[in-house]
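Written below as structure tokens is the structure these notes are about.
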Amino acid sequence: MGLDLGVLTATRRGTGGSALSFGHHVAAVRLISALAVVVALVLALPGVALAADPPGPVSLAQGWDFATDPTDRGTLLNWQSGQRGSGWEPATIPHVLDPRTDPQLFYGSIGWYRLTFTGPRTQPGLRWALRFEQVRRIARVWLNGEELGVHRDPYTPFELPAKGLRPGEPNTLVVRVDYRRSAELREGWWNWGGITRPVSLVARGPVVMHDAGLLPRRSCVESKCAWSVLFDGWLENASDSVQAPAVSVRMQSPDGTVSEGSTTSRQLQPGERVRVRLAVPVRGVPKLWSPEHPNLYAGIVSTRAGGQVVQLDRRRIGLRSVAVVDGMLRLNDRVLDLRGASVQEDVPGRGPALTDADIDGMVDELKALGANVTRAHYLLDQRLLDRLDEEGILVWSQAPVYHRDKQLRTPGQRSYELDVLRKTILEARNHPSVITHSVANELTALPDEHRTSEVWMRNAADLARDLDPTLPVSIDILSYPGIPRQTTYEAFDMLGINSYYGWYEGKVDRSTADIDDLAPYLRAMRSKYPGKALVITEFGAEATEPGPADVKQTYAFQTQYLKRNLDIVERLGFMGGAIYWTAREFAVKPEWDGGAHPPVRDSIHNKGLISYAGKIKPAFSAAQEAFKATPLYRDDPAAVVRAQLSESGSLIPRALLLVGALGFILALLALDAWCLRDIWRAWRPHGEGQVVELPARRVA
């Protein structure tokens, strides 16, 4: 996949002078001051926007109908017109076409959505686009009978120009959803289909800003540090004429301090796109974001064309530094000790079509658990990421490239999966809760021996660093023992270890059946990858019934298993933490073998600490106790070493002084050895009470 690496630099505008009288200067100052006061008052009024600002997003949540099309005849029967079809039922977006988890439904079907709405009016020179936060799996979209486009990634947002929109008149929007999935796809979670996240109309002008990112950076010289925010985005000339757009960034801290920066692009030809980067220094005392103090800055990116604001992108960001130093993951220079549980966006009866109340419930469960981190196998809902930002819960963000080595064999396949990664990072990178971008989950454990997977992994790491140079890049791997060191992993800062030692049997020649083998495996990983941060990103055991602790599938076994894993991580000081899989159960594919013997095949992932129906398992309390007892930060091993070296270093000068002093004394004694001989002779006793006088000698 090609990357547009064109970079624009900020320009400084000089001020010209003219010979004006003192009175002219006073009048000008008064006029400017008055205008500033008026502008400030207008901006301070709630709900008041400047006339030049484009309108905000228009939600399209209500008034939808949906219908199923299991025989795939809708297109032939012109359902895309919005006037045909049968079996239409009302729906509110987000929505799933079928909330049941019956095995015969897993491989999916086809469904349709339609909405009639009055087109909003907008300012001259602006137009509208349709933004879908998520459609699982393939979306084909029509507006007033005209096809707008197709989107094939089931986990990332997309935007389509609303061509043919009729302002002030009825419009018909139709979406065909194809959620049939290939049997080769390794995704273990349920194959939901529908418009599963919000839909809105967004205003767009002759120049469009794509994927506006505000990325905090800290730079230090000796003991002095300064903060800036890197703006990163892509400008596109969507008009039929040459444009010279400008971009400005405004950020306001929690205490009201404003930081600003701007840049002007070169002229863009119609259809041309260019990347823009701009560093904006942070003014005032930085208010850092951390789990203890989740301070958020309000950011606005304004895009102008012809002197008019044509697009406003609003972001809430946090100033924080995340880095791997000496093999340890650090937040704001402090070593993290992660404890948490992963999530799947799956609620009984709605699947991933979460309401705001569902999102609040997921956050409340993580907080009750005492989790300081969470993780998922795909990009989380923006509403959920916003809440995690607010609550200070860290996120191990991951692209949904899951067991896809077979999908990495051709250049076209690798390009597609890189685009999935790209979209995931661009949507996650503005959130301060996100502490890493994991490019994939459980690809081959031997990438050095699989050329196509190795090439993709290295390209993925490069892409992640290009899109977000402020965060470490990671990959989540299988934890088989005896795997030799893989040079492919040199491309990454962190390794997420999916460990089921003591639960799954593993392979014939690479057994993971004994949990006592986990600690030696982790020590071996530290030896192979000493500069990488290591975190257990998955571990878990199913539990559905009471029984003894030595029997799999019992609540007692799950509780003991959780405790033993956490104890191992706690004792190995080089480990960066552990994330349980998962907080709550979710629906999985039929015939799922979760590792119990005999296996429980009920299409539910039974490893959760909370059942799918919401029942709290005993292991939840064990995790809660352990998580809350573990401080967010641990002692810095590097600091201890530095202290020891410093203490040892302070002894070195003393030893040198002592050796030097002794050497000087010995030299003097050697120089006067014959004098010492006389002293010895004179000192020998000649009789009791005898006083011996030493002969006078001149020492040269």
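The values are calculated or read from the model by the stated rules, or taken from the named source; none is laboratory data. The shown structure was predicted, so the numbers you read here are calculated from the model rather than taken from an experiment. Every residue, glycine among them, receives a Cβ derived from its backbone with ideal geometry; neighbour counts consider all protein chains shown.
Could you run through region 208-227 and say how many residues are aliphatic (A, V, I, L, M), touching a strand residue (DSSP E or B) at 6+ places or on another chain (Cβ under 7 Å) and surrounded by fewer than 17 Cβ atoms within 10 Å (Cβ to Cβ)?
1
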Cβ-Cβ under 9 Å pairs, at least 6 apart or on other chains, region 598-626 side part of a helix (DSSP H, G or I), far side aromatic (F, W, Y): P618/Y555; A619/Y555; A619/Y561; A619/Y580; A623/Y580
Residues being closer than 18 Å to L173 by Cα, crowded, with 18+ Cβ neighbours inside 10 Å and not aromatic (F, W, Y) - total across region 69-101: 11
Filtered residues of region 487-530 (kept if within 25 Å of P598 (Cβ to Cβ), polar (S, T, N, Q) and surrounded by fewer than 19 Cβ atoms within 10 Å (Cβ to Cβ)): N498, S511
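The rows are residues; the columns are (1) outside the structural domain of T68 (by TED's automatic domain parsing); (2) part of a loop (DSSP other than H, G, I, E, B); (3) in contact (Cβ under 8 Å) with a residue 60 or more places away in the chain.
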position	(1), (2), (3)
G164	no, yes, no
V174	no, no, yes
L185	no, yes, no
D211	yes, no, yes
D232	yes, no, yes
V247	yes, no, no
Unmet requirement for A460, which otherwise passes all of (1) crowded, with 23+ Cβ neighbours inside 10 Å; (2) closer than 30 Å to L609 by Cα: (2)
So R485, is it over 15 Å from the mean Cα position of the chain (by Cα), at pLDDT 95 or above and assigned to a loop (DSSP other than H, G, I, E, B): yes
Region 249-267 residues that are part of a strand (DSSP E or B), paired with ones that are hydroxyl-bearing (S, T, Y) and loosely packed, with under 13 Cβ neighbours inside 10 Å (beta carbon under 6 Å, 6 or more apart): T264/T11
Any chance S262 is at pLDDT 95 or above, surrounded by 18 or more Cβ atoms within 10 Å (Cβ to Cβ) and under 25 Å from the mean Cα position of the chain (by Cα): no
Unique residue being surrounded by fewer than 16 Cβ atoms within 10 Å (Cβ to Cβ) and either at pLDDT 95 or above or over 21 Å from D211 (Cβ atoms) (or both) when the list is G306, G299: G306
Residue count, region 276-313 (criterion: basic (K, R) and within 22 Å of the chain's Cα centre (by Cα)): 2
Those residues of region 374-390 which are polar (S, T, N, Q) and in a helix (DSSP H, G or I), in sequence order: Q382
Boolean, A371 is of a type outside the set (D, E), part of a loop (DSSP other than H, G, I, E, B) and within 20 Å of V322 (Cα to Cα): yes
Inter-residue pairs, beta-carbon under 9 Å, first under 23 Å from D386 (Cβ atoms) and in region 285-310, second acidic (D, E) and assigned to a strand (DSSP E or B), 6+ apart: G299/D313; I300/D313; V301/D313; S302/D313; T303/D313
Any hit, region 299-318, residues being under 17 Å from P472 (Cβ atoms) and either assigned to a strand (DSSP E or B) or in contact with a Lys or Arg (Cβ under 8 Å, 6 or more places away or on another chain) (or both): no
Residue that is surrounded by the fewest Cβ atoms within 10 Å (Cβ to Cβ) [pool: residues in region 323-347 that are more than 16 Å from the chain's Cα centre (by Cα) and among the β-branched types (V, I, T)]: V325
Residue match in region 466-481 (condition: surrounded by 24 or more Cβ atoms within 10 Å (Cβ to Cβ) and touching a helix residue (DSSP H, G or I) at 6+ places or on another chain (Cβ under 6 Å)): no
Residues (charged (D, E, K, R) and surrounded by 15 or more Cβ atoms within 10 Å (Cβ to Cβ)) located in region 242-259: R250
Single residue of region 629-645 satisfying the filter (at pLDDT 90 or above and exposed (fewer than 14 other Cβ atoms within 10 Å of the Cβ)) that is farthest from L566 (Cα to Cα): P631
Filter result for P281 (free of Cβ contacts under 8 Å to residues at least 60 places away in the same chain and either in contact with a strand residue (DSSP E or B) (Cβ under 9 Å, 6 or more places away or on another chain) or hydrophobic (A, V, I, L, M, F, W, C) (or both)): yes
Residue list for region 56-74, filter: touching a Phe, Trp or Tyr at 6+ places or on another chain (Cβ under 9 Å) and in contact (Cβ under 8 Å) with a residue 40 or more places away in the chain: V58, L60, G63, W64, D65, F66, A67, T68, D69, G74
Inter-residue pairs, beta-carbon under 6 Å, first in the same structural domain as E538 (by TED's automatic domain parsing) and in region 428-446, second of a type outside the set (A, V, I, L, M, F, W, C) and part of a helix (DSSP H, G or I), 6+ apart: H431/D389; P432/D389; S433/D389; L443/D405; L443/S453; T444/D405; T444/S453
Residue count, region 603-627 (criterion: of a type in the set (D, E, K, R) and either at positive phi or surrounded by 14 or more Cβ atoms within 10 Å (Cβ to Cβ) (or both)): 2
Region 490-504 - residue that is part of a loop (DSSP other than H, G, I, E, B) and in contact with a strand residue (DSSP E or B) (Cβ under 7 Å, 6 or more places away or on another chain) and, of those, farthest from V473 (Cα to Cα): S499
Test for D313: is it among the acidic types (D, E) and not assigned by TED's automatic domain parsing to the domain that holds Q252: no
